[in-house]
Amino acid sequence: MRLELKRFEIWSVVKIVFLISLIIGFIISLLYAGFFVVMGTFIGAIGGEDLTPMMPSSGLVYIMILVFGTMGIAVAYTIGAVVFISIYNLFSRFTGGIVVNADKLETKETKNPSSYIVEKELA
């Protein structure tokens, strides 16, 4: 069976991309905040007080990095996906969509357990 992807609904793509990018953004922001913690500890350990004012020292700053970093990445990825899907929808009108070959899966029909019990009782 040949199927052609002619158009994507923007809202359905936005929902999925936003949720996935929230997870990715949280992981990236967590790594970024962890980098600041490690660098601040390392610089403090080697006695480099010259660079310490450039490093965030408050726990609130790390939380803000997590929140704003996560939201910023999620919004940026979502806007990028909307732009990409809009361009795809525009070009697929003129050139056709992506063609996908799909096969229908055949499943074995299983007997209803209650009918199986009735058959056993009658036999």
*Name every residue in segment 66-122 that is modelled with pLDDT under 85 and aromatic (Phe, Trp, Tyr), in order of residue number.*
Tyr116
*Take segment 1-31 and flag every residue that is surrounded by 15 or more Cβ atoms within 10 Å (Cβ to Cβ), more than 15 Å from the chain's Cα centre (by Cα) and in a helix (DSSP H, G or I).*
Leu30
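The values are calculated or read from the model by the stated rules, or taken from the named source; none is laboratory data. Being a predicted model, the structure only gives us computed values, none of them experimental. Note: ideal-geometry Cβ built from the backbone for every residue, glycine included; neighbour counts use all protein chains shown.
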